[in-house]
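Remarks on the structure that follows.
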Amino acid sequence: MKLDKQKKVLECLECGKYKVIEGVLYTYNKGNDYWKRKVPTIPNSGYKQHIIFNSKRGAKGVKVSVYEHQLVWIYYNGVYDPALQIDHINRNKLDNRIENLRPVDAVKQADNRGKIGCKVDYKPCREKEIKRIIELHQDGRNYSNISRFMGVSRITVMYIIKKYLNNEVFKWLNNMTYEEFINK
């Protein structure tokens, strides 16, 4: 998020109209003197989004559309380096508790996505499916094509091919290494 937008968000939060409790944004209802949970919109990105504004009216009023995880980070820690992104540690886009958020660069965020994705998306396959995936890979098909054809995730295909290239799966399926099989 750009620095000027972060400053606008901070200005809106400092007006006393908003507060964050357990990663959820609340707004103050002046007429009835209580804090009410602000209902977010959830666009296609899957992140909770709010439109917030300061209490000033007219030309000096500030209105900002912001994702809730960014808003929570700014509420507790102030502005952050615009080169960084706010990352959900557990990869749950709806879990905006401050202990689940951290500022990271794009590379670190991508590493987090891949590490968790392998654990979540990998589906154990039967021996017959593994052999078929290996055959399709030997025929020159790419991971996406194999995953669509076999009805498994691309991560599963990548995992099996990686194991196969390390000879672990091939040895397990054929009781010999890939090199021994080729030379046979």
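Details
- When Y80, Y67, Y75 are screened for being within 24 Å of V107 (Cα to Cα) and in contact with a helix residue (DSSP H, G or I) (Cβ under 7 Å, 6 or more places away or on another chain), only Y80 passes.
- Out of I161, I182, sole residue that is loosely packed, with under 11 Cβ neighbours inside 10 Å and either part of a helix (DSSP H, G or I) or modelled with pLDDT under 80 (or both): I182
- Within the option set V169, V107, being out of contact with any Gly (no Cβ under 8 Å at 6 or more places or on another chain), in a helix (DSSP H, G or I), modelled with pLDDT under 80 and not assigned by TED's automatic domain parsing to the domain that holds Q70 holds for one residue only, V169.
- Residue that is surrounded by the fewest Cβ atoms within 10 Å (Cβ to Cβ), among those in region 66-97 that are modelled with pLDDT of 90 or more and of a type in the set (S, T, N, Q): N77
- Tabulated pairs, region 21-34, first in the same structural domain as L94 (by TED's automatic domain parsing), second outside any strand (DSSP E or B) and small (G, A, S), C-beta under 9 angstrom, 6+ apart or interchain: Y28/G16
- Qualifying positions in region 1-47 - surrounded by 14 or more Cβ atoms within 10 Å (Cβ to Cβ) and polar (S, T, N, Q): Q6, T27
The values are calculated or read from the model by the stated rules, or taken from the named source; none is laboratory data. Please read these numbers as outputs of a predicted model, since none were measured by experiment. No Cβ is skipped: glycine too gets one built from the backbone with ideal geometry, and neighbour counts run over all protein chains shown.
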